[in-house]
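The values are calculated or read from the model by the stated rules, or taken from the named source; none is laboratory data. Because the structure is predicted, anything quoted here is derived from the model rather than measured. Please note: Cβ atoms are built from the backbone with ideal geometry, for glycine as well, and neighbour counts cover all protein chains shown. These accessible areas exclude ligands, DNA and RNA; they are computed on the full protein's heavy atoms, side chains included. Shrake-Rupley method; radii C 1.70, N 1.55, O 1.52, S 1.80 Å.
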Amino acid sequence: MAITTIDPKTALVVIDLQNGITAMPGDPVPTAEVIKNSVGLAEEFRARDLPVVLVNVTFAADGSDVMPGRADQSMSGHAFPEGWDQVIADLDGHDGDVRVTKRNWSAFYGTNLDLHLRRRGVTQIVLTGIATSIGVESTARFAHEHGYHVTIATDAVTDSSAEAHQNSVERIFPRLAETGTTAEIVAALPTA
């Protein structure tokens, strides 16, 4: 599906491009390409004075705020190395960027992301990040349910599984969002 439009008040929301997550290989899009394309989009958004939201995930050292509930692949008891939750240097260091820290899959649940977007008059978000089938998809679902127009940069998202990535891109995102490449999104942005 082609991108029909990018609203004048659109925010870029970058999901979990942080040290501990970007250290893992991406499939099918290489992690380095996701970083490059996300950084490029962030530069384009900043040049147009459009919001850039950098989302990271973290948990308390004692695990007290890890998502509860029984799951076959639980995060409970998992130890994380120092600095794993820091946004990568390629994206960090821009004073005007909005920072959101989450403790769940979605960047909306339990955070102030919706408040940041609404106060800035945002009606649409463009999503990039890792992992396509987890943080990106969960955020896309919540954004759609909150009434935002959603666009996914398909060459700026990846997963640990090509199959999971393809399921999100081919089956889930078409029901929640428009999808396109970084170049297509940049071409649709309001002029700088």
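Inside the range 10-23, residues that are touching a helix residue (DSSP H, G or I) at 6+ places or on another chain (Cβ under 9 Å) and surrounded by fewer than 18 Cβ atoms within 10 Å (Cβ to Cβ) make up a count of 1. So, of the residues in the range 36-75 that are modelled with pLDDT of 95 or more and open to solvent by 30 Å² or more (accessible area, probe 1.4 Å), which turns out to be nearest to the chain's Cα centre (by Cα)? Result: Lys36.
Any residue at all in the range 141-162 that is under 20 Å from Ala183 (Cβ atoms) and among the small types (Gly, Ala, Ser)? Among the residues of the range 141-162, at least one is under 20 Å from Ala183 (Cβ atoms) and among the small types (Gly, Ala, Ser), which makes the answer yes.
The condition of being in a loop (DSSP other than H, G, I, E, B), free of Cβ contacts under 8 Å to residues at least 40 places away in the same chain, of a type outside the set (S, T, N, Q) and open to solvent by 20 Å² or more (accessible area, probe 1.4 Å) holds for Gly93. Per the conditions (1) under 21 Å from Thr191 (Cα atoms); (2) crowded, with 22+ Cβ neighbours inside 10 Å, the sole criterion not satisfied by Gly26 is (1).
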